[in-house]
Amino acid sequence: MSQYRIALLVGSLRRESINKQLATALTRMAPHDFVFHHCEIGDLPLYNQDDDSHQAAPVKRLKKEVRESDGLLFVTPEYNRSVPGVLKNAIDHASRPYGDSAWQGKPAGVVGASIGTVGTALSQQHLRNILAYLDVSVMGQPEAFIHAKEGFFDGDGNIASEGSRAFVQDWMDKYAKWIALHVDAARANAR
């Protein structure tokens with residue numbers, strides 16, 4: 001059985017980020033043949049097209065990590081009803097220079113959590129629009145706009161309530177099938 005290498009991008013830099021916690025919980029719920037690599041995005045310089053011909057080392061590292069992945073998992077908070085700047089910056093860097101995007105053709109999932117009752121609905125929609133332009137095949141359903149109230153995670157970083165855990169597990173199971181479907185087809189076509 002082969003493995004599925006997943007580039008994990010979390011759109012929050014905060015140490016106690018709900019979305020970092022969600023990303024950790026999700027990776028624990030994934031099938032054993034899924035291997036996640038957390039892509040560091042906090043050290044990227046601000047995107048500037050003048051730098052396209054001489055990208056910084058952190059940018060080259062990110063592009064390499066994305067290219068070497070079979071699929072993508074975006075776990076994003078919502079800042080001011082949209083995608084956090086740090087995540088958009090990472091997406092812009094790995095898509096440039098024009099014609100040399102690391103994102104193209106990758107299957108992906110988008111999920112996020114917030115203390116607000118609408119979760120990260122608008123952020124996820126904006127992210128889906130961006131990824132569609134970059135030729136990333138994003139799983140459409142199910143969507144997961146997670147309202148992470150106090151006590152959502154237990155002391156070990158797992159999802160505490162049985163109902164929430166079942167909901168997130170269902171999302172992860174469908175995400176795993178989405179990735180496998182696309183990656184297995186691509187591998188078969190490459191033979």
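The values are calculated or read from the model by the stated rules, or taken from the named source; none is laboratory data. All values reported here derive from a predicted model rather than from experimental measurement. No Cβ is skipped: glycine too gets one built from the backbone with ideal geometry, and neighbour counts run over all protein chains shown.
Some notes on this structure:
- Hey, GLY71 closer than 17 Å to ILE115 by Cβ and at pLDDT 95 or above or not: no
- Considering only residues in the stretch 1-25 that are more than 26 Å from ASP154 (Cβ to Cβ) and out of contact with any Leu (no Cβ under 8 Å at 6 or more places or on another chain), the one that is surrounded by the most Cβ atoms within 10 Å (Cβ to Cβ) turns out to be TYR4.
- Those residues of the stretch 26-50 which are in a helix (DSSP H, G or I), surrounded by fewer than 16 Cβ atoms within 10 Å (Cβ to Cβ) and under 20 Å from the mean Cα position of the chain (by Cα), in sequence order: ARG28
- Set SER12, SER53: member being of a type outside the set (Phe, Trp, Tyr) and not in a helix (DSSP H, G or I): SER12
- None of SER82, SER114, SER137 is touching a residue at least 60 places away in the same chain (Cβ under 8 Å) and in contact with a His (Cβ under 8 Å, 6 or more places away or on another chain) except SER114.
- Residue check, PRO58 surrounded by fewer than 18 Cβ atoms within 10 Å (Cβ to Cβ) and either touching a Phe, Trp or Tyr at 6+ places or on another chain (Cβ under 7 Å) or at pLDDT 95 or above (or both): yes
- Where strands (runs of 3 or more DSSP E) sit wholly within the stretch 67-177, those with at least 2 residues that are in contact with a Pro (Cβ under 8 Å, 6 or more places away or on another chain) and crowded, with 18+ Cβ neighbours inside 10 Å occupy 71-75, 107-114.
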